[in-house]
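Below: one structure, written as structure tokens.
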Amino acid sequence: MSQGIRPVGGCVFFAGPPVRIVMIGKTGVGKSAVGNTIVNKKAFISLESPESVTAHCRHAQLEGEKREVHVVDTPGILDTSKSVEVVKKEIIKCIQMSTPGPHVFLLVLQIGRFTKEEENCVDALEKLFGPEMSKYMIVLFSHGDKLTQQGTTIFDYLRSGHPKLTELLNRCGNRFHVFNNKDKKNRKQVAELIKKIDEMVAANRASYYSDDMFEAVDRTQRQPDKLPDGTEDLNVNVLSELLQRIIQFQATLSATTPAPAAVYDNKT
Ligand SMILES: Nc1nc2c(ncn2[C@@H]2O[C@H](COP(=O)(O)OP(=O)(O)OP(=O)(O)O)[C@@H](O)[C@H]2O)c(=O)[nH]1
Ligand SMILES: [Mg+2]
């Protein structure tokens with residue numbers, strides 16, 4: 001076997017540089033479960049609940065592997081019910097926990113569920129994190145077991161799916177992956193995800209995601225004791241830029257897609 005490659009749980013897990021993953025998605029889609037599957041332990045609380053389970057960003061790391069894989073779990077910021085203040089605090093924490101910047105944003109969608117907010121979420125997320133963000137996004141479908149139960153494939157699901165879902169995938173460079181978070185022993189699904197992340201990172205010239213605001217927040221937030229709130233040292237301009245971005249982000253999420261233009265009969 002070549003150096004740096006070794007079998008894990010019956011599959012091949014590639015050694016390589018550290019990878020930082022940030023999970024994004026609506027409440028209840030399975031973000032924390034995806035994080036647990038990646039780090040191979042119960043690092044994040046994952047529960048069936050109509051309420052938000054994850055209230056604050058958390059970090060966990062894959063252990064016992066040659067490769068450093070960091071995961072940042074976030075609350076459901078795609079829910080428009082979250083206040084600007086809550087989103088602000090969590091975005092600051094998320095930036096700090098993924099410093100100097102994430103290699104990938106995993107946009108978690110649940111098989112069988114696609115909401116209005118999710119339709120607009122790439123545009124919205126670009127307003128929040130910056131226009132380059134979609135180059136660093138991979139769509140991660142949770143509940144892959146539903147496909148197996150229905151005897152169908154992800155390709156059938158996407159073909160027969162909402163046109164807006166196809167559009168969303170296009171915006172993310174058609175990068176997607178499926179997880180069955182109930183199949184804990186399946187490390188192959190994780191190895192395949194890491195491979196897709198590596199391919200995307202290579203296409204992004206080995207860089208991680210950052211932008212001016214990200215860097216500004218990161219610079220002032222390096223000290224771990226700043227975690228609980230973390231806004232006190234932020235430059236007023238950076239804070240006001242962040243607030244503006246969150247307002248635009250939420251407005252885009254809740255915007256309804258314009259109906260096709262009405263056809264007027266001008267014969268009268
Ligand atoms: N069958 C099945 N259930 C899943 C899968 N992924 C997640 N779930 C379940 O979905 C429910 C919600 O999962 P969470 O991980 O808590 O979802 P979340 O997105 O972190 O939710 P919030 O923290 O509230 O935003 C839990 O009961 C999970 O067990 C999956 O792949 N298959
Ligand atoms: Mg959660």
Output for Cβ contacts, cut-off 9 Å, separation at least six or different chains, first residue over 11 Å from residue 179 (Cα atoms) and polar (S, T, N, Q) in region 34-49, second away from ligand 1 (no atom under 11 Å from the Cβ) and not in a loop (DSSP other than H, G, I, E, B), reads 36/60; 36/71; 40/190
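Each row is one residue, and each column tells you yes or no for (1) away from ligand 1 (no atom under 13 Å from the Cβ); (2) in a helix (DSSP H, G or I); (3) over 25 Å from residue 244 (Cβ atoms).
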{"residue": "43", "(1), (2), (3)": "no, no, yes"}
{"residue": "64", "(1), (2), (3)": "yes, no, yes"}
{"residue": "80", "(1), (2), (3)": "yes, no, no"}
{"residue": "101", "(1), (2), (3)": "yes, no, no"}
{"residue": "114", "(1), (2), (3)": "yes, no, yes"}
{"residue": "139", "(1), (2), (3)": "yes, no, yes"}
Across (1) away from ligand 1 (no atom under 12 Å from the Cβ); (2) part of a helix (DSSP H, G or I), residue 90 clears everything bar (1)
Checked region 52-89 for anything surrounded by fewer than 19 Cβ atoms within 10 Å (Cβ to Cβ), at pLDDT 95 or above and among the acidic types (Asp, Glu); matches are none
Note on region 160-180: residues touching a residue at least 40 places away in the same chain (Cβ under 8 Å) and in contact with a strand residue (DSSP E or B) (Cβ under 6 Å, 6 or more places away or on another chain) are 172, 178, 179
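The values are calculated or read from the model by the stated rules, or taken from the named source; none is laboratory data. Remember, predicted model here, so these are calculated numbers, not experimental data. Quick reminder, even Gly has a Cβ in these numbers, built from the backbone with ideal geometry, and neighbours come from all protein chains shown.
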